[in-house]
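As structure tokens, the structure follows; a few thoughts come after it.
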Amino acid sequence: MFTRIANLFRKPAPPMERLDQIADAYDDRGGDGDTLQGALANAIVLIRSEAKRNGLLNWGENYEECVGILLKYLCEGPYAVSAAIATEIRQDLTLICEVGLRQREDYRTGYEEVDRVAERVLDWCETHRCPILKSPEVEFWYP
């Protein structure tokens, strides 16, 4: 598995394709993966897929969980991004949730915000190339 993951970082590809590759490579069992990289990449890939396919109209609890994991691990804790980027991610994810829950009256779609968070996740995964494994006492990455 580690060889396959290492090869990911040697192949040039468009950013969103790289994010899909990282999500697939780090989550080879399906469901909740063993690495934080896989969990974060999978979370934003799911949100992005919903945004692109359905305009966030099928927003539900599973997407709320995806937002929760992104907030929990990108904005807090030992692997968090800088405070300025964390603020930007929080604002983007708040807007995405509001669009999904149909709480926006300004007709914002959330597409730009989804793509921006996806880029931040990709940057984070490329910065943290060594797999961060789930500790034995943690059953799921999701909050």
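Coordinate-derived values only; no laboratory data. On a predicted model such as this, the values are computed, not experimentally measured, just so you know. Please note: Cβ atoms are built from the backbone with ideal geometry, for glycine as well, and neighbour counts cover all protein chains shown.
In table form, for the structure just shown:
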{"read-out": "Qualifying positions in the range 80-93 - loosely packed, with under 14 Cβ neighbours inside 10 Å and either closer than 23 Å to GLU50 by Cα or not small (Gly, Ala, Ser) (or both)", "value": "THR87, GLN91"}
{"read-out": "Matching option when the condition is touching a Phe, Trp or Tyr at 6+ places or on another chain (Cβ under 7 Å), under 25 Å from GLU17 (Cβ atoms) and not hydroxyl-bearing (Ser, Thr, Tyr), among LEU122, LEU74", "value": "LEU74"}
{"read-out": "Residues of the range 29-83 that turn out to be of a type in the set (S, T, N, Q) and in a helix (DSSP H, G or I), as a count", "value": "5"}
{"read-out": "Residues that are of a type in the set (Asp, Glu) and either within 9 Å of GLN37 (Cα to Cα) or in contact with a strand residue (DSSP E or B) (Cβ under 9 Å, 6 or more places away or on another chain) (or both), drawn from the range 128-143", "value": "none"}
{"read-out": "Which numbered condition SER82 misses (of (1) under 23 Å from GLN21 (Cβ atoms); (2) among the polar types (S, T, N, Q); (3) free of Cβ contacts under 8 Å to residues at least 24 places away in the same chain)", "value": "(1)"}
{"read-out": "Counted residues, the range 86-116 - those being in contact with a Phe, Trp or Tyr (Cβ under 9 Å, 6 or more places away or on another chain), among the β-branched types (Val, Ile, Thr) and either free of Cβ contacts under 8 Å to residues at least 40 places away in the same chain or farther than 18 Å from MET16 by Cβ (or both)", "value": "1"}
